[in-house]
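First the structure, in the form of structure tokens, and then the observations on it.
The values are calculated or read from the model by the stated rules, or taken from the named source; none is laboratory data. All values derive from a computational prediction rather than experimental measurement. For neighbour counting, all protein chains shown are included, and Cβ atoms are generated from backbone atoms with ideal geometry for every residue, glycine included. Note: accessible area is taken over every heavy atom of the protein model, side chains too, but ligands, DNA and RNA are not part of it. Shrake-Rupley method; radii C 1.70, N 1.55, O 1.52, S 1.80 Å.
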Amino acid sequence: GIAEAMTLTDIRVIDPAALPDKPASPKVMYNAVLGAFLGVVVGLVLVFLLEYVDDSIRTREDLEEVWDIPHLGVVPQIRPGEGKFIHTLNPKAPLSEAYRTIRHNILYASFENPPQTLMITSSIPGEGKSTTCANLAASAAMEGKHVLVIDTDFRKPNQHRLWQADNTSGFTTYLAGQLPLEECIRHDVVPGLDLLPSGMVPPNPAKLIESTRLRETIEGLRERYDLIFLDSPPVLVVNDAAALARVVDAY
């Protein structure tokens, strides 16, 4: 009797359990709306935060906010496979128009004293300084100017590759006293445009860049050409561009 009393329970089934027709959790619609709302809010906060801390220059307006300098123009992005030299393109092509605009704006920026010698440089390698130099020179030659391109990047010369010219002799050859200047100039690589390639890479490029002979040579070439374009090394890599800036009209 004691064992039976210990097994008895006061629990009684009042009503049988009802089978639910839908799950109590998760609440799909509620969670979806809440997730979408939080995603939008957090995304907007991150966008405004990144925009606030981002100081990179991406547009013309960004540049004008940082520096109060003349805006010369914009070069369209060149897709792989497209021509990047304007002397091979239609004169009305967007790329040709872009470089023509830049060249005209350079002249108008100093209308009373337009530059005759112009140095083209960049901050780091790979930004297109050599292509820009070549196209600005070609643009001037296409309008009847007598133009000379001088490759003064004695460390990693590139102009001879762009114009498919020989580089066994060039500016360094002349500065070293090995050949006369006339034998180092490639005449009419395109109509109206001459090229003075860099020549072989010297053991001490900085010494040639800062030499009096280089300065006197550029001064003498002013009498023969309407415009002279110098392709110089990047300014954040070596000091050559800073030294060349003293012998040109603009850069």
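Regarding L175, is this residue at pLDDT 90 or above, among the hydrophobic types (A, V, I, L, M, F, W, C) and in contact with a strand residue (DSSP E or B) (Cβ under 6 Å, 6 or more places away or on another chain)? Here the answer is no, as L175 does not meet what is asked. Quick one: how many residues across region 153-168 are open to solvent by less than 80 Å² (accessible area, probe 1.4 Å) and in contact (Cβ under 8 Å) with a residue 40 or more places away in the chain? Residues that pass the stated criteria total 6. Considering (1) farther than 21 Å from L236 by Cα; (2) open to solvent by less than 10 Å² (accessible area, probe 1.4 Å), the lone condition that L179 does not fulfil carries the number (2). Can you list residue pairs whose Cβ atoms sit under 8 Å apart, with the first residue in region 122-146 being on the phi < 0 side of the Ramachandran plot and the second being exposed (fewer than 13 other Cβ atoms within 10 Å of the Cβ) and in a helix (DSSP H, G or I)? Count only pairs 6 or more apart in sequence or on different chains. Listed by first residue and then by second, the contacts come to nothing, as the list is empty. Taking each residue of region 51-65 that is surrounded by 10 or more Cβ atoms within 10 Å (Cβ to Cβ) and outside any loop (DSSP other than H, G, I, E, B) and looking for partners that are at pLDDT 75 or above and aliphatic (A, V, I, L, M) with beta-carbon atoms closer than 7 Å, six or more apart or interchain, yields R60/V74; L63/I57. Among the residues of region 219-236, those that are surrounded by fewer than 22 Cβ atoms within 10 Å (Cβ to Cβ) and closer than 23 Å to A165 by Cβ comprise G220, L221, R222, R224, Y225, D226, P234. Report whether or not Y108 is among the hydroxyl-bearing types (S, T, Y), open to solvent by 70 Å² or more (accessible area, probe 1.4 Å) and part of a helix (DSSP H, G or I). Answer is yes for this residue.
Residues in region 199-251 that are among the charged types (D, E, K, R), farther than 14 Å from I120 by Cβ and either part of a loop (DSSP other than H, G, I, E, B) or in contact with a helix residue (DSSP H, G or I) (Cβ under 9 Å, 6 or more places away or on another chain) (or both): 9 in all. The residue of region 141-152 that is farthest from S211 (Cα to Cα), among those that are open to solvent by less than 10 Å² (accessible area, probe 1.4 Å) and out of contact with any His (no Cβ under 9 Å at 6 or more places or on another chain), is V147.
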